[in-house]
Each structure stands twice: as C-alpha cells, then as structure tokens.
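What follows is a set of notes on a single structure, which appears directly below.
Values quoted throughout were computed directly from the atomic coordinates according to the rules given, and no laboratory measurement underlies them. Because the structure is predicted, anything quoted here is derived from the model rather than measured. With ideal geometry, Cβ positions are generated from the backbone for all residues, glycine too; neighbour counts draw on all protein chains shown.
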Amino acid sequence: MADDEQHQEEMRGGSAGEAEEPPDSGRSRAEQPSEEELRAQLEEEIRKVRVEDVVLQSAVSILNLSARRIAKDDERDLDQAKVGIDAARALVELVNPEAQPQLRQAISELQVLYAKHAGEESAPEEGSPGPPKGDSGLWTPGGGTDG
C-alpha cells in the first residue's frame, strides 16, 4: 500500500513525505500569512470594489431568487417574486449604463414568467364556477355605493 501512495505522490510531481512549495509563494507551508496580513489583503481588495458592481450583483441575485420563487413548484411564492422584481427594477438606474439593457431584459422575462404563473393561480379550475358575477369591488358612479 505504501508503494501506491508513493506512486500517487510522484504522479503529482513530488515524492512521498516531501511537501512541495507552490511556485512563487515565497513562504513555506508552515508559514501562513498573519491575521494582520490577511486583513491588509482584504482591505486592498475591498478598496478596489465599486458600489455599482455590488448593486449589479445584488440585482442579479435578487432576480435569480425571484425566478426560483416563480418557477419551482415547491418554492412558489409570487408575493416574494413580486418584491424581487420591484427591487431589481428600482436598481436598474443605479448600475453601469452598459449593464442596464441586460438587466432590463432579465426583468422583462421574469415579469412574463410571473404573469403566466399568476394567471394560472387565479384561473378557475375546470368545473368550478369561477369568480362571482356582479360587484367587482370598483366604485362606479351610480353604483349604489355610499359616497
């Protein structure tokens, strides 16, 4: 069994029992970056991030989650999907102008999917009488509503 392990290690470019340093690392495996070094590296990465990029990523995440809330039967929640669509629409103007057409297209496609599923939920099933005839709940002049 030890021969198999040694063979596998040799296939990876080393010999058994030898720890190989990654190229250009400048430090051994035992020498991990300190917490301060990690914090400084994270700070540098955060310094480069643009708010517009985070807004776009957030809008895409919201749309993906909203799509799940519409398309997956076991997760369907059209109220949550509507909140997501409205939120993404509110963010469109805040992202890079180059990304806006794609974002608007995704929102439009999601709105169509929402309308399809909302229509299915509100459509009467075969054999059921459907919504009651008569008062639609809208106020109309002379409709007998106190006013």
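General observations
- Residues of the range 87-101 with an amide N closer than 13 Å to a point placed 7 Å from the Cα of ASP53 along the Cα-to-Cβ direction: 96.
- Binning the alpha carbon pair distances of the range 49-105 at 10 angstrom intervals from zero yields the distribution 25, 50, 21, 4, expressed in whole percent.
- Pairs of Cα atoms nearer than 8 Å and 6+ residues apart set the relative contact order; for the range 51-121 it is 36 percent.
- Net charge of Cβ neighbours under 10 Å - reference ALA99; Lys, Arg +1; Asp, Glu -1: -2
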